[in-house]
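Novice: One structure is given below, represented as structure tokens, and several questions about it will come after.
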Amino acid sequence: MQRTHLTLPAAALAALLALAGCTTPATPPAAPAASTQASEGTGNGVLASLGLTGLSGPQIVEKLDHDPATRPLRMKASVRPDQVILGDGTAETSVPLAGAQEFYLSIAPFVNQTHDCYFHSLATCQGELPRAAVHVTITDSHGAALVNTDATTYANGFVGFWLPRDISGTVTITTDGKTGSVPFATGPQDATCLTTLRVA
């Protein structure tokens with residue numbers, strides 16, 4: 001099957017990535033200003049409109065990352081190291097991830113094409129390899145294995161893991177006889193979206 005690649009002008013591409021919540025890893029987005037956050041009442045309304053009432057931050061992240069619907073979803077949902085920011089098109093709110101003593105890292109392995117991303121957009125980020133069988137190994141900087149498992153990438157082409165905070169290490173993924181490895185870190189300013197892991 002022949003692949004079609006769409007080439008966009010740099011300005012248009014930057015605008016599209018910004019809309020998707022995906023940004024170049026070298027320049028992590030600033031945290032949103034307090035004025036953009038909804039009040040508690042409005043925030044509850046946002047969660048209700050998105051069908052997320054009563055869910056914790058970690059539960060929201062996992063529910064949306066596993067959502068089988070084709071991207072983009074009709075919402076904003078950005079995973080930060082300490083919170084998930086949600087919007088329904090009229091208002092935004094944030095739900096803390098502080099209850100999770102771990103850091104959520106979502107990984108999209110690729111063969112031919114990928115996108116720049118820093119904070120994972122649960123609603124718009126789309127990886128090249130949806131529903132692919134993968135073997136994932138994640139080790140810390142001392143070589144200790146944190147993850148060593150078979151998995152299947154979600155409909156969005158990602159697979160996510162809760163990892164200890166404030167560590168660094170290496171992610172290795174094997175799929176269809178191809179393997180790739182990249183470094184990661186889980187500090188308070190680190191990326192929650194890993195799209196640089198090419199398997200070859």
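Novice: In terms of the ratio Rg/(2.2 N^0.38 Å) built on C-alpha atoms, what value belongs to the range 105-172? Spell out each step's value before the answer.
Specialist: Values: Rg = 12.3 Å, N = 68, 2.2 N^0.38 = 10.9 Å.
So the Cα radius of gyration is 1.12 times the expected 2.2 N^0.38 Å.
Novice: Turning to a different aspect of this structure: If you place +1 on the Cβ of every Lys and Arg, -1 on the Cβ of every Asp and Glu, and leave all else neutral, what size is the dipole of the range 93-200 about its Cα centre, to the nearest 20 Debye? The partial results should precede the final answer.
Specialist: Details: 4 positive and 8 negative charges, 31 e Å.
My answer is approximately 140 debye.
Novice: Hey, could you pull the Cα Rg and Dmax for the range 76-136, both in Å?
Specialist: Rg and Dmax of the range 76-136, Cα atoms, are 13.6, 40 Å.
Novice: Nearest 5 percent is fine: what portion of the DSSP beta bridges confined to the range 90-200 is antiparallel? Mind showing how you got there, number by number?
Specialist: On the way: 27 of 30 bridges.
Here the antiparallel bridges make up roughly 90 percent for the range 90-200.
Novice: May I pose another question? Within a Cβ distance under 15 Å of Asp65, other residues only, what is the Lys/Arg minus Asp/Glu net charge?
Specialist: On the way: positive: Lys63, Arg71, Lys76, Arg80, Arg131; negative: Glu62, Asp67, Glu102.
Once all neighbours under 15 Å are counted, the net charge is +2.
Novice: On full extension of the chain, what length is gained from Gln113 through Thr70, given 0.36 nm per residue of separation minus the C-alpha to C-alpha distance? Could the numbers behind the result be given before it?
Specialist: Working: separation 43, 0.36 × 43 = 15.48 nm, distance 1.81 nm.
Stretched fully, the Gln113-Thr70 segment lengthens by 13.7 nm.
Novice: Report ³J(HN,Hα) in whole Hz for each residue of the range 47-52, in order, from the Karplus equation J = 6.51 cos²θ - 1.76 cosθ + 1.60 where θ = phi - 60°; Gly and Pro get x.
Specialist: For the range 47-52, the Karplus-derived couplings read 4, 5, 5, 9, x, 10 Hz, x marking Gly and Pro.
Novice: Note down the nm distance, to one decimal, between modelled labels 7 Å out along Cα→Cβ at Asp150 and at Leu55.
Specialist: My value for the distance between the label points is 2.8 nm.
Novice: While we're looking at this one, here's another question. Return the ratio Rg/(2.2 N^0.38 Å) for the range 67-200, where Rg is computed over Cα atoms only. Can you show the working numbers first?
Specialist: Details: Rg = 14.5 Å, N = 134, 2.2 N^0.38 = 14.1 Å.
For the range 67-200, the normalised Cα radius of gyration comes out at 1.03.
Novice: Any chance you could list P(r) for the range 61-102, counting all Cα-Cα pairs in 5 angstrom bins from zero, rounded to whole %?
Specialist: Bins of 5 Å from zero give 6, 20, 28, 25, 15, 6, 0 percent of pairs.
Every number here is computed from the coordinates shown, using simple stated rules; none is lab data. All values derive from a computational prediction rather than experimental measurement. Here Cβ is always computed from backbone atoms with ideal geometry, including for glycine, and neighbour counts include all displayed protein chains.
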